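Remarks on the structure that follows.
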Amino acid sequence: MPALAEAGPPHEFSLSKALFAEITDSIDHPFAKLPLFSIGRTSIAFSVTKHFILMTAVGLLVLASMFYLAHKLKDPFRTPTRMQSLFESLLQYMREQVYEPVLGPEGRRFHLLCFTLFLFILYGNLLGMIPPFAPIKPPGENEAVWLGGAVTGNLATTLALGLITFIVFNASGMRAKGAFGYWRKLAPEGTPGWMLPFTLLLEFVGILSKTLALIMRLFANMIGGHVAMLLILLLIVKFQSIAIGPIAVVVDLAIMALELFVAVLQAYIFSFLSALFIGIAQRKH
Amino acid sequence: MDIGTLAPAIMKFGAFIGATIGAGLAVLGVGLGLGRIGSAAAEGISRQPEASGKIQTNMLLAAVLVEGVGIIALVICILAIVM
């Protein structure tokens, strides 16, 4: 293989560098840079990095699974296949048990957004459980980047998802209660006039902190799980002894089982909390 | 061996101590919180076994929220060590 033939002196193995290369995105060494536009001397470009490719795969999977369900539902009287009944029961459960109680009858148009968030985060988390499978060399670099790792373990991804929730629930609240009425009604009824600014400030900080907690919870859960799994496996390479191998793999299996559970649960929690915030924002009591 | 050359070492030393103590305290808080959630859920189920489905769902929801806060604190500790 040409990559091995032209290797220089053997690299020193550094635990932290290997860990970081697995978990973070390769934004300094992208696979391709597609220039978009330039303002003056700065130019904005799409860098195709590892997480970009994985996120595209996740998005395509979400679209494919929902198109499959829609295609199968065109003829509702045929016996459903196993995939179809899986998606159907998932959708029905989320609608009836999770979104209907918190969003109410006037919040039906938000079911789609919350379920899309749920599917995207679920597929992103589960795709991150697949161990890195293929090394691809970015052009002009010596090190190959292994395609693997969770898309939702990137702070930028979870920040974007949290911003979507933030914008949607504030906009829906402002639409339901009026542009200023929504901010004024954040304080409960019957607060005296002099306390109004403090209560409003407190409520606004509360909104920001709830959104921040939403973002950080998903990110921290995914990163924590992957760091734990990778650390135990990289210990084998660091100590270079074969005795650690079986113990590390068994411990890693247990952590991986926990991580699968956490992946599904975190997707559920994110979409449930998004629906809860939207329901609170537009509830008219 | 003046204070100028020792400064990065002192910072790293302080970061390690702070991060490990912080991680221990975070785990302490999460343990206490989850214990109370579990015990309240078990008591609720023992009083009314028919409601065990609802109680279990709510217990899991509260447990994830408490655990989320603990894991956020742990990520901050990792950040302190790394930077």
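Size of the protein assembly as shown from its Cα atoms: along the principal axes, largest to smallest, the extents are 71, 66, 63 Å. Counting only GluC sites (Glu not before Pro) that DSSP places in a loop and that have at most 11 other Cβ atoms within 10 Å, the longest clean stretch of chain A runs over A:13-188.
Within the range A:27-101, report the trypsin sites (Lys or Arg not before Pro) that DSSP leaves as loop and that have at most 16 other Cβ atoms within 10 Å. Please report the intermediate quantities before stating the final value.
Working: sites: A:K33, A:R41, A:K50, A:K72, A:K74, A:R78, A:R82, A:R95; in loops: A:R41, A:K74, A:R78.
Within the range A:27-101, the qualifying trypsin sites (Lys or Arg not before Pro) (loop, at most 16 other Cβ atoms within 10 Å) are A:R41, A:K74, A:R78.
For A:R78 and A:K284, the difference between the fully extended length at 0.36 nm per residue and the C-alpha to C-alpha distance is 70.0 nm. Only DSSP H runs of four or more residues enter the estimate; each adds -39500 (n - 2.57), and after division by the residues of chain A the mean residue ellipticity at 222 nm equals -21500 deg cm²/dmol. Taking chymotrypsin sites (Phe, Trp or Tyr not before Pro) in DSSP loop states with no more than 10 other Cβ atoms inside 10 Å as exposed sites, chain A has its longest site-free stretch at A:134-285. At 27 angstrom or more along the helix axis (alpha-carbon based) and mean Kyte-Doolittle of 0.0 or higher, what helices does chain A contain? Whole DSSP H runs only. Correct list, ordered by number: A:50-72, A:155-177, A:196-239, A:244-282. Using only Cα atoms and rounding to the nearest 10 degrees, what angle (0 to 90) does helix B:52-82 make with the longest principal axis of chain B? Once rounded, the angle reads 0 degrees.
Every number in this text was worked out from the coordinates using simple rules, so none of it is lab data. Here the structure is a predicted model, which is why all the values come from computation and not from measurement. Ideal geometry is used to build each Cβ from the backbone, glycine not excepted, and the neighbour counts take in all protein chains shown.
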